[in-house]
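What follows is a set of notes on a single structure, which appears directly below.
The values are calculated or read from the model by the stated rules, or taken from the named source; none is laboratory data. Computed from a predicted structure; not experimentally measured. Glycine gets a Cβ as well: all are built from the backbone with ideal geometry, and neighbour counts include every protein chain shown.
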Amino acid sequence: METIREPRPGAAARAGEGAFADADGGGAAQSRGGSAGAPRARAGSGGAPNGRLGRGSRSSANQSAMRVHNLGLVLDLVRSHPEGISRAEIARATGLTRSTASRLVQDLLDMRLAVEQSVLERGEPGRPATPITPAPGTFAGIGATVNLDYVSARAIDLAGNVVYEHYEPGEFRNSDPTEVLRGLGDRIHEAVLTCADSGITVTGVGIGLPGLVDGGAEDPVLQIAPNLGWRHLAPATFLGHGLREALEIALDNDANLQAVAAAYRSPGASRGFTDFLYVSGDVGVGGALVLDGEVFRGMHGWAGELGHFLVDPDGPPCPCGARGCLEMYAGKFAIHQAAGLDPHAPAGVLVRALEAGDPRALEAVAAAGHALGVTLSNAINLLDVSTVVFGTGIGGIVEWLRPAVLDVLHDRLLSRGTIHVELLAAPIDDAPASTGAAYLALDGVLETALGQVAG
């Protein structure tokens, strides 16, 4: 089975893409290094009581905004190199002077956003290099998710360490959202307390749900989650413990967040590729499109719903109300049922049946592969991507899915013979949506750290 590869050294290439303004030289240098899709820093603003700035205050405001901008870009560069990057490498990558780069790094150290590691002897002239890495145990994002067969909450720090973990199997199809979300709020509150006991500041919370999410509202709204049986509710309002008032709470489709976890090996550090289709198959089928390291969400935030692509208009009814959707053929439940297995059994049960050559299991997976091939051929013809990453539920059976998928792609891709489509398995993670949500919750860490300094 082909799995996602760890990046080559230096493969993460565009963190902090944009112009660095060098406070020493007064000019701007184009950045040359980092990870694609890393969060961009938001510059601050200055103002006067009547909204007008004098020359001196405008200059001060511009310098302040420049510093925040540069801090964000250097932090992105540090996050994209969790193995460490030296001050000299930061200066070379950004075009900043050594003194400016060193001052910015010192600011990150002072704000507990970065730490110095042991000095490296690199066999080069001059002083030995001191690697700068993301700081462990100082700031953390919290990610949580409700799936059909489990709930999860996870806190992850800047260095990628899991500092809180909760995983609870269950049956949440057609469940009571008030009860489930209040329980999830208990776990998030527990994560916050665990972080506080360790001196860790929580930067935000992300929640992943298997449905259509409107994240633009003041309280983000879940429009519909067919398999959960939930409609038109604002999850943050159910959590309790004052979480909604105390923390920034984001809501996203769970497949989008799983795709973030597939794209990044730690917060801000790319796995080395940036454009792919992500397909999950927990119970139904979810999907996400990642372009330049970021999830493409579409006009309303609903892009990527591969599970409801049409495979057969006369096919079985789907919980969404349509017929013949992909998830009725290629989701974990559908494959297990076709293979004569308990739909609620762990994915490993299907793998063992496939390894044993069970005819019914092999036939079920071949049928799922054909349905996936039909959907993926349409998506690839439309989007012109050549990498597909299979995640939860189906990542472990890629080697059995691959022949049927590729057969259909060979017949239906307009670009057949021109591009090579890679079918990869995502890294093993029992709750990847929680991981991705925690990573995204850390995107606001610079603002949080600057607020602590100002406060």
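Among the numbered conditions (1) outside the structural domain of E363 (by TED's automatic domain parsing); (2) farther than 30 Å from D76 by Cβ, the only one that G321 does not meet is (1). Take the conditions in contact (Cβ under 8 Å) with a residue 12 or more places away in the chain and surrounded by fewer than 22 Cβ atoms within 10 Å (Cβ to Cβ) and apply them to A379. Does it pass? Considered against the rule, which asks whether it is in contact (Cβ under 8 Å) with a residue 12 or more places away in the chain and surrounded by fewer than 22 Cβ atoms within 10 Å (Cβ to Cβ), A379 comes out as yes.
So which residues in segment 181-230 are among the basic types (K, R) and modelled with pLDDT under 95? Write out each step before concluding.
Kept after step one, since they are among the basic types (K, R), are these residues of segment 181-230: 182, 187.
Selection gives nothing.
Results for (1) under 30 Å from R416 (Cα atoms); (2) surrounded by 24 or more Cβ atoms within 10 Å (Cβ to Cβ); (3) in contact (Cβ under 8 Å) with a residue 12 or more places away in the chain; (4) outside the structural domain of D411 (by TED's automatic domain parsing), shown as yes or no for each residue.
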{"position": "I335", "(1), (2), (3), (4)": "yes, yes, yes, no"}
{"position": "A345", "(1), (2), (3), (4)": "no, no, no, no"}
{"position": "L354", "(1), (2), (3), (4)": "yes, no, yes, no"}
{"position": "G357", "(1), (2), (3), (4)": "no, no, no, no"}
{"position": "A371", "(1), (2), (3), (4)": "yes, yes, yes, no"}
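Hey, could you check segment 109-135 for residues that are of a type in the set (S, T, N, Q) and surrounded by 15 or more Cβ atoms within 10 Å (Cβ to Cβ) and say which is modelled with the highest pLDDT? Here the answer is T133.
Sort out which residues of segment 153-175 are hydroxyl-bearing (S, T, Y) and touching a helix residue (DSSP H, G or I) at 6+ places or on another chain (Cβ under 7 Å), and write them in order of number. Please lay out each step first, then the result.
Within segment 153-175, the subset hydroxyl-bearing (S, T, Y) is 164, 167, 175.
Across segment 153-175, the qualifying residue is only Y164.
In segment 160-169, the condition of being surrounded by 24 or more Cβ atoms within 10 Å (Cβ to Cβ), outside the structural domain of L113 (by TED's automatic domain parsing), over 19 Å from G240 (Cα atoms) and under 17 Å from the mean Cα position of the chain (by Cα) is met by no residue. Under the condition of being surrounded by fewer than 24 Cβ atoms within 10 Å (Cβ to Cβ) and within 15 Å of A225 (Cα to Cα), the residues counted in segment 272-308 number 6. Exactly one residue out of G391, G417, G395 is more than 22 Å from D358 (Cα to Cα) and touching a Pro at 6+ places or on another chain (Cβ under 9 Å), and it is G391.
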